[in-house]
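Colleague: Sharing a structure below in C-alpha cells format, with a few things to ask.
The values are calculated or read from the model by the stated rules, or taken from the named source; none is laboratory data. Bear in mind the structure is a predicted one, so any value in this text is a computation, not a measurement. Reconstructed Cβ throughout: ideal geometry from the backbone, glycine too, with neighbour counts over all protein chains shown.
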Amino acid sequence: MVAYDPAAPAPLGVVRSATGSPEVDARLERLSDVDHLTADGHIEVYEDVHRGLRETLTALDVRPGPPAPPASPYDIRS
C-alpha cells in the first residue's frame, strides 16, 4: 500500500485561457510547472510569474499609446 503524501506533486487541473497577449500568455503558461513540483517548489514559480507580469505591465507605461484625437471646436468653451 502506498502512503498518501499531501506534499507530493499533484496537477491542479486549472484551465488557463489565452489572453491574446503573447507575453502574458507565456507567463501564465509557466504556472503549469507547479503541477510537477512539490508544494515547497511552488513559490519560486509563482514569484517568477508575478515578476514577469509586473515587467510586462511596466513595459506598457514605456510604449507610446495612440495619439489623442484632435480638439473639436465644440470642446473650447469661453
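Colleague: Checking the structure you have, find out if any residue of the range 40-61 is at pLDDT below 85 and within 19 Å of the chain's Cα centre (by Cα).
Modeller: Looking only at the range 40-61, we keep the residues that are at pLDDT below 85, and these are 60-61.
Among the residues that remain, those that are also within 19 Å of the chain's Cα centre (by Cα) are: 60-61.
Checking the range 40-61: at least one residue is at pLDDT below 85 and within 19 Å of the chain's Cα centre (by Cα).
Colleague: Among the residues of the range 5-23, which ones are aliphatic (A, V, I, L, M) and either out of contact with any Ser or Thr (no Cβ under 6 Å at 6 or more places or on another chain) or free of Cβ contacts under 8 Å to residues at least 12 places away in the same chain (or both)?
Modeller: Listed by number, the residues that qualify are Ala8, Ala10, Leu12, Val14, Val15, Ala18.
Colleague: Another question about this same structure. Identify the residue in the range 1-30 that is of a type in the set (Lys, Arg) and modelled with pLDDT of 90 or more and, among all such residues, is surrounded by the fewest Cβ atoms within 10 Å (Cβ to Cβ).
Modeller: By that ranking, first place goes to Arg30.
Colleague: Separate question: Against the condition surrounded by 13 or more Cβ atoms within 10 Å (Cβ to Cβ) and not β-branched (Val, Ile, Thr), how does Asp33 come out, does it pass?
Modeller: On the way: surrounded by 13 or more Cβ atoms within 10 Å (Cβ to Cβ): yes; not β-branched (Val, Ile, Thr): yes.
For Asp33, the condition - surrounded by 13 or more Cβ atoms within 10 Å (Cβ to Cβ) and not β-branched (Val, Ile, Thr) - is met.
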